[in-house]
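Q: Below is the structure I would like to discuss, written out as structure tokens.
Computed from the coordinates by the stated procedures, all read-outs in this text should not be read as laboratory data. Because the structure is predicted, anything quoted here is derived from the model rather than measured.
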Amino acid sequence: MNALRALGLAWIVLGAAPTGATAQTTAPSPPPPIRLPGIVYPAPAEARTEPSAPALKPQGPTSRIHGAPSTPASPRSVVADPPQPPRAGSLAIVNGRDIPVAAVTVAMESETVRHVEPLAPNAQAVLKLPQMKGCVATIEALYEGGEVSAIGTFDVCKVKLVRLIE
């Protein structure tokens with residue numbers, strides 16, 4: 001029985017010897033990184049180079065037309081466009097009362113927009129607003145039965161939905 005054990009150990013040592021030797025001589029290389037499509041990855045460190053100095057532009061006037069007179073370039077005055085305020089495109093009015101609305105009036109600087117069709121309870125109407133310089137508008141509602149409700153003043157560039165409630 002001892003002879004069989006010795007023979008088994010000899011096979012294990014001889015069978016593992018070539019793989020053990022090769023494992024010590026070669027370093028395991030890491031697997032390549034996973035690259036997902038549609039994502040831009042930075043270049044590896046060994047592929048990066050320092051950016052070269054930008055090329056200098058030639059001094060003096062240059063022209064693509066060879067016969068053009070050489071006149072010094074006049075400085076252009078650059079005027080930036082002033083920032084445009086947000087435009088009020090439309091305003092949604094929702095009747096949150098049990099009484100139908102006969103008319104809704106939206107009064108802006110110099111223009112007035114009216115919705116004169118009846119607006120049933122829980123119904124919605126979208127009013128198209130004209131282009132204007134400011135964004136402030138006053139909204140009034142006329143209910144059936146003659147009741148007038150001054151809803152208030154709103155910034156229609158920010159507020160896009162007005163709910164008429166009690």
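Q: Give me the number: length gained by fully extending Gln131 to Ala10, i.e. 0.36 nm times residue separation minus the C-alpha to C-alpha distance, one decimal in nm. Before the final figure, lay out the partial values.
A: Working: separation 121, 0.36 × 121 = 43.56 nm, distance 9.49 nm.
Answer, rounded to one decimal: 34.1 nm.
Q: Whole-Hz ³J(HN,Hα) for each residue in the stretch 94-110, computed from phi via Karplus 6.51 cos²θ - 1.76 cosθ + 1.60 with θ = phi - 60°, x for glycine and proline: what do you get?
A: 10, 7, x, 9, 7, 9, x, 8, 7, 7, 10, 10, 10, 9, 10, 2, 10
Q: To continue, here is another question. Determine Rg/Rh for the stretch 90-164; Rg is computed over alpha-carbon atoms and Rh is the Kirkwood hydrodynamic estimate from the same atoms.
A: Details: Rg = 11.6 Å, Rh = 12.3 Å.
My calculation of the ratio gives 0.94.
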